Amino acid sequence: MATTTTPRRAGQFRKVGENLYRYSSNEIYYAVFRVNGKLIWKSLETEDRELAKRRLKEELEKHGRVNGALRGMTLQELITSYENQLAQFDERTQQVGSPTFWPARFASLLRHASCRAWC
């Protein structure tokens, strides 16, 4: 029986700042951040720390942008949109994701809350 081995990396990632890592074997900087819960590792394609910081800032801004059409959406509109999008999932996911599945008090607070209460 043939065995396969996974090649080992030559270097290690070292954290050098918030959301910023450097690979030790080639000194290239990487941006590390989450988008919608998914961990993203993005090469910044530079060995220069100052340039890496600028590119990191650009990456974070690019992934942090809000769709302008959704910016003025009320909480009630957001909940309605969420409920409408649940239709694409299977029945169990729809049940669990439905606001009616959430604790009754929490759902009630969401439906009657306004941004002014938090802003």
Full-extension gain in nm, Thr46 to Leu75, via 0.36 nm per residue minus C-alpha separation = 6.3 nm
note = Listed with the fewest Cβ neighbours within 10 Å leading, Tyr23, Tyr82, Tyr29 appear as Tyr82, Tyr23, Tyr29
message = Need one number: the % of Cα-Cα pairs in the range 13-64 sitting beyond the 16 Å mark.
response = 30
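No value in this document is a laboratory result; all are computed from the given coordinates. The model shown is predicted, which means the values in this text are computed figures rather than measured ones. Cβ atoms come from the backbone with ideal geometry, glycine included; neighbour counts cover every protein chain shown.
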